[in-house]
Each structure stands twice: as structure tokens, then as C-alpha cells.
Amino acid sequence: FRMSKNDYNTNANNSQNSKGLFIAGDITYTGLPEEYAIVDSAINDVQNSTGKTLPPVYATLGDSDDTDTDLANYIDFANSHNAPEVTADKLYYSKMIDGYKYIFLANPNGEKTMSSQQLEWLDSELADNKENNDGKPVFIFMHDALTDTVITQYAALTNTAEFGEVTKKYNNVF
């Protein structure tokens, strides 16, 4: 989050039509309350100094966000930034933004395996979008890389194949 104030300032000045600031995890270094406070302060400082309103913040959990702490700090952050449905039992959520579905996936405690419950929920969300939203594109955010897509020596999702089985049923997932 060292660069977050600069990043938020750039967004405020250049992206007035942006629908959101999307953070794919690692909002903090260790998940401490004071680190989340720094991020919130940066958002507020940019809005106050530029006089411009930043778009809504949407975030998913990264492995650094709950290191040495419990999940309560991330949950508080998510709840205060457009994800009131996030709980310790369900860290993932979806939002309709400007007619498009955005899905935010998360694994607790730095785990690199997506639970069967989360995969079932994802399948349900994608099926719902196909049926009730004319199959418009769906945008998925998650912290963990998929195996064999980028340098995965640090954070590869261990059940990429199962994730792929769900998403390949739909031709509109990004």
C-alpha cells in the first residue's frame, strides 16, 4: 500500500468514468488494523486534495491481508467498501456494476485451494448470469494465480483444474 495514494490520485485525475477501483488482494502487508487505516486515509486524502470522488473500492482477500491476524480486519474493510455480505464464513461475493457481473473470490489464511463450496457458488453465479443477464461478460477477481499462466512459484491456485472445469462451461468469463 505504499503506492496506493499515488495510484488513487492517478485514478481520481484520469478516470472519472471508472466504475470501480478493483484490488485483487494484498491490500496490506500483514492485515493489521492500522494498515487498513492507512489505505482508507489515502483514499480520503486523495478525495479531499483533488476535490474529486473516487469510484467505489472493491477488494478481495490476499494472503498478506490476514497474516498474523484474524480475518476481522479484512472483513471490516470489505464491509465498509461495498461488500457488506462478506463474513468469516463467506469471504467471496459478487456485484452487478453497470449491468455487468463482477465476482470476487477469496481463500482464507493464505490457502491456495478454492473450497468446493466456493466453486459451487461460482458455478451458480455464472449460470445465473447466463440465464438472467443475457450472458454478458463476467469479470472475476482473485488473488491467486492460475497454474501455468504466470510465474506461479509463490501463489498458484492448487485446484486450477477444478476452477477451469467450472469456468469453461461459460464463454463469457474474464
Task: Failed item in (1) closer than 19 Å to Asp26 by Cα; (2) open to solvent by less than 20 Å² (accessible area, probe 1.4 Å), with Pro108 passing the rest - done: (2)
- [ ] State whether the residues of region 124-142 include one that is touching a helix residue (DSSP H, G or I) at 6+ places or on another chain (Cβ under 6 Å) and either modelled with pLDDT of 95 or more or in a helix (DSSP H, G or I) (or both).
- [x] yes
Task: Check on Pro84, touching a helix residue (DSSP H, G or I) at 6+ places or on another chain (Cβ under 6 Å), modelled with pLDDT of 90 or more and either open to solvent by 40 Å² or more (accessible area, probe 1.4 Å) or among the hydrophobic types (A, V, I, L, M, F, W, C) (or both) - done: no
Task: region 101-123, residues that are within 16 Å of the chain's Cα centre (by Cα) and part of a loop (DSSP other than H, G, I, E, B) - done: Leu105, Ala106, Asn107, Glu111, Lys112, Met114
Task: Flag if Asp123 is surrounded by fewer than 19 Cβ atoms within 10 Å (Cβ to Cβ), touching a residue at least 12 places away in the same chain (Cβ under 8 Å) and among the charged types (D, E, K, R) - done: yes
Open item on the list: Of the residues Asp26, Asp40, Asp45, only one is over 17 Å from the mean Cα position of the chain (by Cα), open to solvent by less than 70 Å² (accessible area, probe 1.4 Å) and modelled with pLDDT of 80 or more; which?
Closed with: Asp45
Open item on the list: If Ala12 meets every condition in (1) at pLDDT below 90; (2) exposed (fewer than 15 other Cβ atoms within 10 Å of the Cβ) apart from one, which number is that one?
Closed with: (2)
Open item on the list: Looking at the structure I just gave you, is Tyr74 touching a residue at least 12 places away in the same chain (Cβ under 8 Å), part of a strand (DSSP E or B) and open to solvent by less than 50 Å² (accessible area, probe 1.4 Å)?
Closed with: no
Open item on the list: For region 48-57, give me each residue that is open to solvent by 20 Å² or more (accessible area, probe 1.4 Å) and at pLDDT 85 or above.
Closed with: Pro56
Task: Residues that are open to solvent by 40 Å² or more (accessible area, probe 1.4 Å) and of a type outside the set (S, T, N, Q), drawn from region 128-147 - done: Asp128, Lys130, Glu131, Asp134, Lys136, Pro137, Phe139, Phe141, His143, Leu146
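The values are calculated or read from the model by the stated rules, or taken from the named source; none is laboratory data. Treat the numbers as computed from the prediction; the structure is a model and nothing was measured. Positions of Cβ are backbone-derived with ideal geometry, glycine not excepted, and every protein chain shown enters the neighbour counts. Each accessible area value is taken on the protein alone, full model and side chains, heavy atoms only, with ligands, DNA and RNA left out. Shrake-Rupley method; radii C 1.70, N 1.55, O 1.52, S 1.80 Å.
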